[in-house]
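These notes are about the structure you will find just below.
The values are calculated or read from the model by the stated rules, or taken from the named source; none is laboratory data. Everything numeric here is computed off the predicted structure, so don't read it as measured data. Cβ placement follows ideal geometry from the backbone for every residue including glycine, while neighbour counts extend to all protein chains displayed.
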Amino acid sequence: MKALLVSALVVCTFGACLSAECHGAPDPNAKPNNNPIFSSPPTFVTSAQNGKLYRAGDDEDVFDIVHVWGTPYEMGYAQGQLQKEKANKFITSLWAYLEAQVIEAINGTVSWIPVGVAKWVADVGLDVALDLTYDATKKYSGSYFEEEMKGICDASGADYKTLRRIHMIGELTKGSCSMMGAWGTATEDGTPLLAFRALDWNTDGPFKDFPQVTVYHPTPGSGNGHAFMNVGWVGWIGSITGMSSMDMAICEIGVSFPDDTFGQESRLGIPFTYILRDILQFDVTIDDSISRIVNADRTCDLILGVGDGKLNEFRSVQYSHSVARFFDDKNLLPLNETWHPRIPDTVYHGMDW
């Protein structure tokens, strides 16, 4: 579990790079990442009634670790207390950045917001577009998401509607990322399951300046799940990667170029960052996660990843409103011997379908 945690932190927190659409082959001369894994203990910074703030890393690669305990509202309130200044700065700067990106997307200079979506957003306004997305997803989402966001805003003074809108942006955009699950013969020393997700997005936005690992400790017996770790940013409560105390790990990548097998998308359903967090927070085995995904009201085209360190298993998921198809190393798709061959004990996807 410690090895998986370290891998998740290193790759996901420091892995941001410029986004690109990918229809080429891997570069055999690409420079490998041989940077050492940072393993020193984090430094205690401060505490609140239901939380503690630590700082980890060195040089430029520094990130915050926040531990929170209690109810969803209490855990959110602790985050807002511990990260008041950063939460306000990140939420404000991210909103300004998103507004500017919509304008650039209309001009065709930004690839991660589809032009059609950008034009619609320009017509109705970014706030209205995200409020409509919230309305379309609210009944499919657990109330604990709103409770936590309200806690963050009550403690920090950040604007609740702005924070809520920011959490809907993933349903409108198409990011490009990479992920992998590897075990057995695919690892140098036969290590049990290793999973990572790289945020192959951009470096001109505020994301890189506000990395945060949030470790949740829900009140035992409250029905709010078990302890889990979310890798993201200050004030961000959805999940794109993380792991849980049940040795479960999740990841996802965007799909900008789906083929016909994806079928239809829908705006009515649970936001993907919420279903991924539900997997971390509530699921005990990979079968629980498969059942959750199959039975969910799904929305947009994605590839998800779910790993179970207890069983040494990893699945990727072709995910859309119409389909939920699960792949291991034996049936991995898409299959192309040049740029996406099957590799024993490995499930991987890079930048797109």
Exercise for the section: For Y348, indicate whether it is more than 23 Å from Y140 (Cα to Cα) and either among the hydroxyl-bearing types (S, T, Y) or touching a Leu at 6+ places or on another chain (Cβ under 8 Å) (or both). Expected result: yes
Problem - Residues within segment 247-272 that are in contact with a strand residue (DSSP E or B) (Cβ under 8 Å, 6 or more places away or on another chain) and closer than 19 Å to R165 by Cα, tallied - result: 1
Practice task
Might you let me know whether segment 64-81 holds any residue that is in contact with a helix residue (DSSP H, G or I) (Cβ under 7 Å, 6 or more places away or on another chain), at pLDDT below 95 and not hydroxyl-bearing (S, T, Y)?
Solution key: no
Problem - T203 vs. criteria surrounded by 17 or more Cβ atoms within 10 Å (Cβ to Cβ), within 19 Å of G350 (Cβ to Cβ) and of a type in the set (S, T, N, Q) - result: no
Practice task
Sort through P36, P42, P28 and tell me the only one that's out of contact with any Asp or Glu (no Cβ under 8 Å at 6 or more places or on another chain) and modelled with pLDDT of 95 or more.
Solution key: P42
Fill in the blank from the handout: Residue hits (segment 216-238; over 22 Å from F272 (Cβ atoms) and not in a loop (DSSP other than H, G, I, E, B)) are H217
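When you look at A56, is it within 21 Å of A195 (Cβ to Cβ), crowded, with 17+ Cβ neighbours inside 10 Å and at pLDDT 85 or above, yes or no?
yes
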Exercise for the section: Pull up segment 314-347, narrow it to residues that are in contact with a Phe, Trp or Tyr (Cβ under 8 Å, 6 or more places away or on another chain) and of a type in the set (D, E), then point me to the one that is surrounded by the fewest Cβ atoms within 10 Å (Cβ to Cβ). Expected result: D328
Practice task
Answer yes or no: is there a residue in segment 304-311 that is surrounded by fewer than 20 Cβ atoms within 10 Å (Cβ to Cβ) and over 18 Å from N230 (Cα atoms).
Solution key: yes
Exercise for the section: Check whether at least one residue in segment 189-206 is modelled with pLDDT of 90 or more, among the acidic types (D, E) and at negative phi, and report yes or no. Expected result: no
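A quick yes/no check of all residues on (1) closer than 29 Å to T187 by Cβ; (2) modelled with pLDDT of 95 or more:
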site	(1), (2)
R267	no, no
I270	no, yes
R277	yes, yes
D288	yes, yes
D308	yes, yes
S320	no, yes
Fill in the blank from the handout: Sole miss for I253 among (1) surrounded by 16 or more Cβ atoms within 10 Å (Cβ to Cβ); (2) at pLDDT 95 or above is condition (2)
Completion exercise
Restricted to segment 239-250 and to residues being buried (at least 20 other Cβ atoms within 10 Å of the Cβ) and assigned to a loop (DSSP other than H, G, I, E, B), the residue farthest from the chain's Cα centre (by Cα) is M246
Exercise for the section: Give the residue, chosen from G181, G157, that is within 17 Å of the chain's Cα centre (by Cα), of a type outside the set (S, T, N, Q) and modelled with pLDDT of 85 or more. Expected result: G181
